[in-house]
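J.: Take a look at the following structure, please.
Nothing in this text is a laboratory measurement; each read-out follows from the coordinates by a stated rule. Please read these numbers as outputs of a predicted model, since none were measured by experiment. So basically every Cβ, Gly included, is an ideal-geometry build from the backbone, and we count neighbours across all protein chains shown.
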Amino acid sequence: PSFWVVIPAAGVGSRMRADRPKQYLPLAGRTILEHTLDCFLGHPGLRGLVVSLASDDPWWPSLSCARDPQVRRAEGGAERADSVLNGLRLLGELGARADDWVLVHDAARPNLTPEDLDRLLTALADDPVGGLLAVPVRDTLKRAGPDGRVLETVDRSVIWQAYTPQMFRFGALQAALAGALAERVAITDEASALEWAGQSPRLIEGRADNLKITRPEDLQWLEQRWKS
Ligand code: C5P
């Protein structure tokens, strides 16, 4: 199916301990954000892509993708959900309709493969709700008390890590995010807003290496991986 994309990229990424937001750090000769956009640009189903950026972001204009006619810039917001909502508003101005699919993808997830993207699009094309790429957890999980001692071992067979892209209908996503924000519900991904609205997003198993660059070692790992 055809689809729109929103890339929230207005966070500071303090865990990277770098001099700039993590999506502007170099990876294999370009910035992380350019690689991330490349996962979508050129896809035959792409209708348009919006990047939500901090208003004082000085790095974006120097990227070549800033001049791509399929790419537009929206204002970032206080929380990730605000940044996504601002991106959706711009998509509405660009002609997005309530039933159109929107994919929201983290700016710092540059290792999405075309196969994973197409698997998500195909699996959810006729789904009434939508869903997200996800990966079953590998490690044994413990629930701990405030003293750092184990309270119990959690059944990991039913636990997944939520990745992106997350794919929902434009109208439903906008309503869920706006509603959850208005009620001050903690929203760390788009699926949690849909869950708050009473929907059950579908999990589509994806590759574990579609990781979000969070710590310096993640970047080193990916750099090595792409070299070999
Ligand atoms: O902090 P975390 O890595 O979970 O952020 C996920 C994504 O949300 C990042 O791409 C970040 O730039 C974005 N974000 C945003 N606006 C905020 C906070 C985070 O666009 N206010």
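J.: Calculate one ³J(HN,Hα) per residue across the stretch 17-34 by plugging θ = phi - 60° into the Karplus curve 6.51 cos²θ - 1.76 cosθ + 1.60, and present them in order as whole Hz with x for glycine and proline.
T.: 6, 10, 8, 8, x, 4, 5, 9, 6, x, 9, 6, x, 9, 8, 4, 4, 5
J.: Turning to a different aspect of this structure: Scan around Arg202 for amide H atoms under 5 Å from its own, H built in the peptide plane at 1.01 Å from N, and keep only partners 5 or more places away or cross-chain.
T.: Gly130, Gly131, Leu132
J.: Taking every DSSP beta bridge that has both residues in the stretch 3-227, what percent is antiparallel when rounded to the nearest 5? Walk me through the intermediate numbers first.
T.: Values: 16 of 35 bridges.
In the stretch 3-227, approximately 45 percent of DSSP beta bridges are antiparallel ones.
J.: Between the stretch 153-182 and the stretch 1-39, what is the separation of their alpha carbon centroids in Å?
T.: 21
J.: Let me ask you something else. Charges only on Cβ, +1 for Lys and Arg, -1 for Asp and Glu: so what's the dipole of the stretch 3-227 about the Cα centre, in debye to the nearest 20?
T.: Charge dipole of the stretch 3-227: 420 debye, to the nearest 20.
J.: What does the charge add up to near Leu41, with Lys and Arg as +1, Asp and Glu as -1, over the other residues with Cβ less than 11 Å from its Cβ?
T.: Values: positive: none; negative: Glu34, Asp38, Asp68.
Once positives and negatives cancel, what remains is -3.
J.: Which value, in debye to the nearest 20, describes the size of the charge dipole of the stretch 98-154 about its Cα centre when Lys and Arg Cβ atoms bear +1, Asp and Glu Cβ atoms bear -1, and nothing else is charged?
T.: Taking the Cα centre of the stretch 98-154 as origin, the dipole is about 500 debye.
J.: In addition: Rank the residues Ser192, Ser2, Ser62 as a footprinting-exposure proxy: fewest other Cβ atoms within 10 Å of their Cβ go first.
T.: Ser62, Ser2, Ser192
J.: Follow-up. Just to confirm a number: summing +1 for Lys and Arg and -1 for Asp and Glu over residues other than Gly171 whose beta-carbon lies under 9 angstrom from that of Gly171, what do you get? Display every interim value, and only then the final one.
T.: Values: positive: Arg97, Arg169; negative: Asp99, Asp100.
Summing Lys/Arg as +1 and Asp/Glu as -1 gives 0.
J.: Using the eigenvalues of the Cα gyration tensor, what equivalent ellipsoid semi-axes result for the stretch 3-227 when each is taken as the square root of five times the eigenvalue, whole Å, largest first?
T.: Details: eigenvalues 134, 106, 66 Å².
Calculated on Cα positions only, the semi-axes equal 26, 23, 18 Å.
J.: Which translational diffusion coefficient, to the nearest whole µm²/s, is obtained for the stretch 31-71 from the Stokes-Einstein equation, given a Kirkwood hydrodynamic radius over C-alpha pairs, 37 °C and 0.692 mPa s?
T.: Details: Rh = 11.0 Å.
It comes out at roughly 298 µm²/s.
J.: Taking θ = phi - 60°, what integer Hz values does the Karplus form 6.51 cos²θ - 1.76 cosθ + 1.60 yield along the stretch 81-87, in sequence order, with x for Gly and Pro?
T.: 4, 5, 4, 5, 4, 4, x
J.: Just going by the charge dipole of the chain, with Lys and Arg at +1 and Asp and Glu at -1 on Cβ, which of Leu46, Val6, Gly29 is farthest out on the positive end?
T.: Farthest towards the positive pole: Gly29.
J.: Then there's this: Run through all the Cα pairs of the stretch 94-141 and give the fraction in each 10 Å bin from 0, expressed as whole percent.
T.: Answer for the stretch 94-141: a P(r) of 18, 44, 31, 5, 1 percent.
J.: Would you mind checking which residues have amide H under 5 Å from Asp100's amide H? H placed 1.01 Å from N; only 5 or more apart, or other chain.
T.: Phe170, Gly171
J.: What translational diffusion coefficient, in µm²/s and rounded to a whole number, does the Stokes-Einstein relation yield for the stretch 98-228 at 25 °C and a viscosity of 0.890 mPa s, taking the hydrodynamic radius as the Kirkwood radius over Cα pairs?
T.: 149
J.: When His105, His35 are ordered from fewest to most other Cβ atoms inside 10 Å of their Cβ, what list results?
T.: Starting with the residue having the fewest Cβ neighbours, the order is His35, His105.
J.: Right, something else. Spelling out what I want: for every residue of the stretch 92-106, take phi, set θ = phi - 60°, compute 6.51 cos²θ - 1.76 cosθ + 1.60 (Karplus), and round to whole Hz; glycine and proline get x.
T.: Per-residue couplings from phi come out as x, 5, 7, x, 5, 10, 3, 8, 5, 7, 10, 9, 9, 9, 5 Hz.
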